[in-house]
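To start, the structure under review is shown below, and the notes come after it.
The values are calculated or read from the model by the stated rules, or taken from the named source; none is laboratory data. Because the structure is a prediction, the values reported are computed rather than measured. When we count neighbours, we look across all protein chains shown, and the Cβ atoms used for this are built from the backbone with ideal geometry, even at glycine.
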Amino acid sequence: MWFVGCGNMGGAILQAWLDNGLDAAKVTIIKPHASQLPGGLQSQPDYPEGATPDLVMLAMKPYQLDDVAAKLAPLVGDNSHIVSVLAGTEIDILRAAFPKAGKIVRLMPNMAVTVAKSPMILISEADDVNLKDQMNHLFSPLGQPEWLENEGQMHIATALSGSGPAFLFRFIDALAVSAAELGMDKDQAARLALAMVDGAATLASRSAVSPGELANQVASPNGVTRKGLDVLDADGRVNALLHDVLKAAMERNREMAEEAKA
Ligand SMILES: NC(=O)C1=CN([C@@H]2O[C@H](COP(=O)(O)OP(=O)(O)OC[C@H]3O[C@@H](n4cnc5c(N)ncnc54)[C@H](O)[C@@H]3O)[C@@H](O)[C@H]2O)C=CC1
Ligand SMILES: O=C(O)[C@@H]1CCC=N1
């Protein structure tokens, strides 16, 4: 398999596969500059001559597609499937860039592949059961595969699940900063905010009841939690905030799709 680009996201996917038993000898990484890579692998600036990969993972930045395709497209035939994690880069654009490649699949992972807990959001250009099985087999060790029915859903899926960890990391920091401002030791606040979110997320994911119901279970009538929830809920504040956050991210994804077509 070839990785084209191997930074934060590609590197996390590769590391997760290596942790899961992938033979590093089967991986070739193509990127312009040498850097520290998972499994002690070395990247190379040029594509291998003569060999064709079963799978190409596109993991560079979306705006680098044209540069990459100029060299890669002549090397891939119908035995080489392409999986792209490029945000906002639609299947039609990928197909136009790699006209002779095998199947084209878009994947929207997130950084939690490292802990095998990333939703693995997928869509392919054809409804092909064998391809789906193959992709599920490949990606399920990194998280739960979740197939989209139409590509238009990728905009919001990217905002929610691809970008989502960043939003949650901000929320954790904001909790810690606020607790410190209200009198807690800074390091202890950071530790507790993180441990609380970890425990609460695990509880919610294992619970038979919804997060909304769990919130009610925490909040005693006229107790401490209710006062805090009232602040979050006043005028639909938290819903409105997260709506705006997701909308801004989703609209940037749409915009990137338009830029890729221009
Ligand atoms: N960071 C994240 O959490 C997520 C990122 N993505 C997508 O993953 C892709 C990569 O993002 P990051 O890993 O965050 O960026 P990054 O900047 O960490 O990695 C980009 C990689 O591409 C390489 N590269 C640069 N020019 C190249 C070229 N011409 N040919 C081959 N490789 C080249 C760089 O050396 C680097 O290894 C983007 O398309 C992004 O939309 C998708 C989901 C989540
Ligand atoms: O911020 C980005 O563009 C990429 C897509 C989802 C997460 N990172």
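Of note:
- Take the conditions (1) surrounded by fewer than 17 Cβ atoms within 10 Å (Cβ to Cβ); (2) farther than 28 Å from A249 by Cβ; L41 misses just one of them, which is (1).
- Here V129 meets each of (1) closer than 26 Å to W17 by Cα; (2) touching a residue at least 12 places away in the same chain (Cβ under 8 Å) with one exception, condition (2).
- Number of the exception - K100 against (1) of a type in the set (K, R); (2) more than 16 Å from ligand 1 (Cβ to nearest atom); (3) closer than 21 Å to A166 by Cα: (3)
- Looking across segment 25-38, the residues that are more than 8 Å from ligand 1 (Cβ to nearest atom) and either loosely packed, with under 14 Cβ neighbours inside 10 Å or closer than 13 Å to V113 by Cβ (or both) come down to A25, K26, A34, Q36, P38.
- Here the condition is being closer than 30 Å to D198 by Cα and surrounded by fewer than 19 Cβ atoms within 10 Å (Cβ to Cβ); of K71, K117, K100, K61, it holds for K117 alone.
- Looking across segment 12-55, the residues that are in contact with a Leu (Cβ under 7 Å, 6 or more places away or on another chain) and farther than 17 Å from S140 by Cα come down to A24, V27, I29, P38, G39, S43, Y47, T52.
- M135 more than 15 Å from ligand 2 (Cβ to nearest atom), in contact with a strand residue (DSSP E or B) (Cβ under 9 Å, 6 or more places away or on another chain), of a type outside the set (G, A, S) and in contact (Cβ under 8 Å) with a residue 40 or more places away in the chain: yes
- Screening A176, A157, A190 for residues that are within 16 Å of ligand 1 (Cβ to nearest atom), at pLDDT 95 or above and closer than 24 Å to N8 by Cβ leaves exactly one candidate, A157.
- Matching residues in segment 99-108 - criterion: being in contact (Cβ under 8 Å) with a residue 24 or more places away in the chain and in contact with a strand residue (DSSP E or B) (Cβ under 6 Å, 6 or more places away or on another chain): A101, G102, K103, V105, R106, L107, M108
- Taken as a whole, the structure places T158 among residues that are of a type outside the set (K, R) and either in a loop (DSSP other than H, G, I, E, B) or crowded, with 22+ Cβ neighbours inside 10 Å (or both).
- Qualifying residue in segment 49-57 (condition: surrounded by 12 or more Cβ atoms within 10 Å (Cβ to Cβ), at pLDDT 95 or above and within 16 Å of ligand 2 (Cβ to nearest atom)): yes
- Residue that is surrounded by the most Cβ atoms within 10 Å (Cβ to Cβ), among those in segment 74-87 that are more than 17 Å from G11 (Cβ to Cβ) and of a type outside the set (A, V, I, L, M, F, W, C): H81
- Pair list, Cβ under 7 Å, 6 or more apart: segment 227-256 residue closer than 19 Å to A215 by Cα, other residue of a type in the set (V, I, T) and assigned to a helix (DSSP H, G or I): L232/V238
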